[in-house]
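A short write-up of the structure that comes next.
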Amino acid sequence: MSAHRVVLTGASGMLGRSILKQLVDRKDASVLALYRKSLPLERTANIQHRVVDFSRPDEVDGLLREFRPTVLIHSAATGMQIPRPGHAALREVNVELPVRLAEAASRIENCSFVQVSSGLAYRDQGRPLRENDPLGTYHAYGATKAEAEERLQAMARKTLPLIIVRPFSFTGEGDFGTRLFPSLLRSAAAQQPFEMSTGNQVRDHSSVDDIAQGVIAAAFQAIPNPSESPVFNLGAGDTRTLRELVEAVIDQLGLKVDVRFGVRSKGAHEPRFMVADPTRAQTELQWNRRENIAHAVWRLARTSLPSLYIEEPPRHP
């Protein structure tokens, strides 16, 4: 039996797919990837794919008892595309679902639970954020992530070995929809102006593959004292404004696009300063970012818009 038996939710999302890619053919890991709808075409020896009805606890319990995971990584979420789901849908997916899954994991012997939360759960401090900074935000997505953490922490004090990872912004292969970099690339491909807010908000962006590596490192660590529920920020610590970041990516890619700053308003309750202090992950997980954010955008363009001409930037930061 493999040392790490991983159940993964959100396997069809950008982060989930990157996690799977990094676990393929690892001799120390067996994976059960769970999906709401269709299964992927790819098949590998150490990864099973199953469609599951998450609204049926008995079905989830049966799968976990059969697979006997050592860790359940919950990366499924909703609410980062525009328009966002309503409040009820946000809470069902981002709060109630992880609580139900954590309850199921708590019934499996020696199974820990990894909650993929978000840097958006923090209260804006105007500086890089540390794991012991207070949570609390009016941002719709961030608020549900903060609520889920509170509920899971209460469970962890009793029956659940819990690990929380808080990724900050990320992009790469599999990014899509209304998010920043897919939208920028589509505008360039269509030779249309790309309209943005002023871009004076500070955002910490990483490669999705770096974030996935951090999630796996957290999931596979030994927890000395499970009742402490360790929390890890995953971010680059990059304090550039969004405008500076976008302009740097455009320059490194040689991208031809007319960016119009200040045309759109910022989203409701968007934090002004959202940057990770990644010291704990660097120290305890030996995790460091390996990929330049412009290179992650380059890989996204190669897979989603292969006809778009761009230059390959340096891979490493």
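Computed quantities for the displayed model
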{"read-out": "Members of the range 67-96 that are under 30 Å from residue 28 (Cα atoms) and among the aliphatic types (A, V, I, L, M)", "value": "71, 72, 73, 76, 77"}
{"read-out": "The lone exception for residue 216 - which of (1) farther than 30 Å from residue 11 by Cβ; (2) crowded, with 18+ Cβ neighbours inside 10 Å it fails", "value": "(1)"}
{"read-out": "Criterion violated by residue 103 - all others in (1) more than 20 Å from the chain's Cα centre (by Cα); (2) in contact (Cβ under 8 Å) with a residue 60 or more places away in the chain; (3) part of a helix (DSSP H, G or I) satisfied", "value": "(2)"}
{"read-out": "Cβ-Cβ under 7 Å pairs, at least 6 apart or on other chains, the range 249-277 side closer than 18 Å to residue 81 by Cα, far side surrounded by fewer than 19 Cβ atoms within 10 Å (Cβ to Cβ) and among the hydroxyl-bearing types (Ser, Thr, Tyr)", "value": "264/197; 265/197; 266/197; 269/138"}
{"read-out": "Breaking point among (1) crowded, with 23+ Cβ neighbours inside 10 Å; (2) part of a helix (DSSP H, G or I), for residue 155", "value": "(1)"}
{"read-out": "Every residue from the range 53-76 that is assigned to a helix (DSSP H, G or I) and in contact (Cβ under 8 Å) with a residue 24 or more places away in the chain", "value": "57, 60, 61, 63, 64, 65, 67"}
{"read-out": "Within the range 286-317, tally of residues that are buried (at least 19 other Cβ atoms within 10 Å of the Cβ), at pLDDT 95 or above and either over 13 Å from residue 252 (Cα atoms) or touching a strand residue (DSSP E or B) at 6+ places or on another chain (Cβ under 9 Å) (or both)", "value": "10"}
{"read-out": "Any hit, the range 223-240, residues being crowded, with 22+ Cβ neighbours inside 10 Å and either out of contact with any helix residue (DSSP H, G or I) (no Cβ under 9 Å at 6 or more places or on another chain) or among the β-branched types (Val, Ile, Thr) (or both)", "value": "no"}
{"read-out": "Subset of the range 216-250 [in a loop (DSSP other than H, G, I, E, B) and under 22 Å from the mean Cα position of the chain (by Cα)]", "value": "221, 222, 223, 229, 230, 235, 236, 237, 238, 239, 240"}
{"read-out": "Residue in the range 91-100 that is surrounded by fewer than 22 Cβ atoms within 10 Å (Cβ to Cβ), more than 19 Å from the chain's Cα centre (by Cα) and part of a helix (DSSP H, G or I) present", "value": "yes"}
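The values are calculated or read from the model by the stated rules, or taken from the named source; none is laboratory data. Since the structure is predicted, the reported quantities are computational estimates derived from the model, not experimental observations. Note that each Cβ is placed from the backbone with ideal geometry, even for glycine, and that neighbours are counted across all protein chains shown.
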